[in-house]
Every structure is written in C-alpha cells, then in structure tokens.
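Reviewing the structure listed below.
The values are calculated or read from the model by the stated rules, or taken from the named source; none is laboratory data. What you see is a predicted model, and the numbers here were worked out from it, not measured in a lab. Every residue, glycine as well, gets a Cβ built from its backbone with ideal geometry; the counts of neighbours run over all protein chains shown. These accessible areas exclude ligands, DNA and RNA; they are computed on the full protein's heavy atoms, side chains included. Shrake-Rupley method; radii C 1.70, N 1.55, O 1.52, S 1.80 Å.
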Amino acid sequence: MKKQLLLFIALVISAIAMSQEVINKIEAVQIIKERQIYLNGGTRAAFGGKSREYIKVDLPPNTVEWYYSFTTTPGQSGTKNLNLITQISAALALNANPTGVSLMASGLTKEVLKTVEIPQGSNSADIFLCDRTNIDKFLAKEDQSLLGGSFRYSMEGTVQNTKQAVVQINDVTKGTVFLGLRNPSGIDGINITIEVVALVKKEEIVDNSEKIKKAELYANLGWKQFENGNYQKCVEYSDKANSYYELGWVYANKGLAQLMLNNEDEAMETYVIAITFIKKQQNPKYIFTELIKDLDREIMKNPNFSSAKSIKELMEMELR
C-alpha cells in the first residue's frame, strides 16, 4: 500500500511539472516619465539658470536594453508628448506569439525602432551617457576649464547637436548611469522633453494544464482515426493537438500516419521532431518503448516497411 501511495504521489508531481512551464517575457518598463527640462544658453547661464543638467537612470535588474527619446522646443515654450512607453509596449505586443511572449528576446530591431514616432524638434541639444564620476565633471564644465580638463562618456547612448531622437543602448545594462543634458547654444534657451524606457526580462510560470488536456483530446481522436485506417485525418487531428501544446508522442502518431500515406520524407522529419520533444518531456523511455511497439505492429503487417525499420532503430538508440 505504501509503494502504491508513493507511486501515485510521483505521478501527480510529474503531471504538475509537465503542466507548468517557465517562460521568459520581455516587458517595457518606464524608468523616467516624460520630463521637461529648460536649459539657458551657455553665455546667459553665467547670469543665472543652467545650461547643463542631468538625469539619474537606475536600470532595473535583468535589463536587456533601454532607450531614451527626446525632442526640443525653443525657449520655455510648450512641451510635446513622446509616448515612448506606449509605442514600445505596442511594438512588443505586435511582435508576440499567441501566448503573449515577445519574440524580441534581444531587444527591438532597427526596423521596429524606426516606427517609433518622435515629435519634430526645433533646437539642437547634446546628451551624454556618463558614470557618476564623469557626470560630476560634466556639470562642473571641466571640458571648458582653462587647465584643459575633460569628462568621459559612452559613445553608445550619446548624441550631439540633435533636435530629436530615440536612442537605443544595449552595451550598458546594469547599475546606475546618468544622462548629461547640454544646451550647445551660447544664447538661445531650449526646453527638452525626455523619457526613458527599459526592456526587462522577467520569468513567469505558465499553467498549461488546459492546453495539454485539449491537445490530448485531439490526439486521441487522431489515433482513433488511425486505427480506422483514415491516416490523413490522423495527421489533421495531430496538427490540431500540437497547435494547443506540442507533445512528442503526438508528433510520432502523425509520423506513423505519414508513413502509411507513403510520405516517407515528411514522416522522417516528423519523427525527428517527435524524438526531440520526447527527450525533453516526462517518462521518455516509456514513451519510446510504446512507440516502438506501434512501429513493430506495422512492420509485422508489412515486413518490407524499410522506413519504419529505420525510425525504429533511431528510437531504440534513445533507450540505450
């Protein structure tokens, strides 16, 4: 009785493990909401105000890459909406699979990034990507020092004499960095509207139990069709099953039906996929053993079934 209880518990745990899947989702996170910063011209800043300012950017853990967009307006005139978080979130949703997982695991492509709209700017601005030490030098204007000082910045993430842009950064993705904003004009003031967004990888546990139930239902219908000699219908039901959740033994059923339809090349490709999935799923040796029995039954009916023999040998190799 104790052994039966332990076996039951093991089967329950196995079923739960199979029904749950950890997926990596890419989400857009707004680090800095739209912010307006007014900068005086360099000469006039000497009589009050600032020609330089900075923004502190704390990058979230697991940042894949991040972006900032900005535009400019003259003087202290009105602002323009950037909507960077909205546009990037929409791009991720547009390029996602049916489960909602973004296909852009390494960030936005250049083509997608070109679709992000930025309001036309009017005056040029300089923005430098710096660390803590160099943002202090930037604010202190050491680059204008008579002693020949300077500050360092990252080329990726830095733009100069630019009226508007969306800037992509994937070299620096950890810790805290700073964006140094500078008005390159000596006289004219500018208003800079800026927003910062990061793409962050997040793990999520997905319960696939309902999908697996539907997949198994269609697979069983397909196998019933196989037993009735309706092999094409078996292929169709197997495809339907795998559209809900991909199971190795279902691919094997499809492959066997393709063999019966004399589609040997397609069957071989399907069985290769089946073997790949079975090795990753629960109880692979048991599944391989049962599938070999299915092949043996067809080989007994037709001893010259050479393709079936080759596939059987492939599966027997997995049992060694």
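Per residue, the solvent-accessible area of segment 142-196 (1.4 Å probe, heavy atoms of protein chains only, all protein chains present) comes to 51 Å². Counted by Cβ distance under 11 Å from LYS201, the other residues give a net charge of -2, where Lys and Arg count +1 and Asp and Glu count -1. Taking Cα centre as origin and charging only the Cβ of basic (Lys, Arg, +1) and acidic (Asp, Glu, -1) residues, the dipole magnitude of segment 164-305 rounds to 340 debye.
With all protein chains present, how much of the accessible area of segment 165-320 (probe radius 1.4 Å) comes from carbon and sulfur, to the nearest whole percent?
Numbers: 3820 of 8080 Å².
Carbon with sulfur: 47 percent of the solvent-accessible area.
Ordering ASN123, LEU247, VAL57 by Cα displacement along the dipole of the chain toward the positive end leaves VAL57 in first place; charges were set at the Cβ atoms of Lys, Arg (+1) and Asp, Glu (-1). By the rule of a C-alpha distance below 15 Å, with chain neighbours fewer than 8 residues away ignored, the aspartates and glutamates paired with LYS201 are GLU27, GLU65.
Amide H contacts under 5 Å for ALA165: PHE70, restricted to partners 5 or more places along the chain or on a different chain, H placed in the peptide plane at 1.01 Å from N. Taking 18 Å as the limit for the C-alpha separation, the pairs LYS224/LYS254; LYS211/LYS312; LYS214/LYS293; LYS33/LYS56 exceed it in the case of LYS211/LYS312; LYS214/LYS293.
The mean accessible area for residues of segment 206-320, using a 1.4 Å probe and ignoring ligands and nucleic acids, is 57 Å² per residue. Ligands, DNA and RNA excluded, the heavy atoms of TRP223 present near 50 Å² of accessible surface to a 1.4 Å solvent probe. Highest mean first, the peptides 263-272, 169-178 sorted by other C-beta atoms within 10 Å per residue fall in the order 263-272, 169-178. When +1 charges are put on Lys and Arg Cβ atoms and -1 charges on Asp and Glu Cβ atoms, the dipole computed for the chain relative to its Cα centre reaches about 680 debye.
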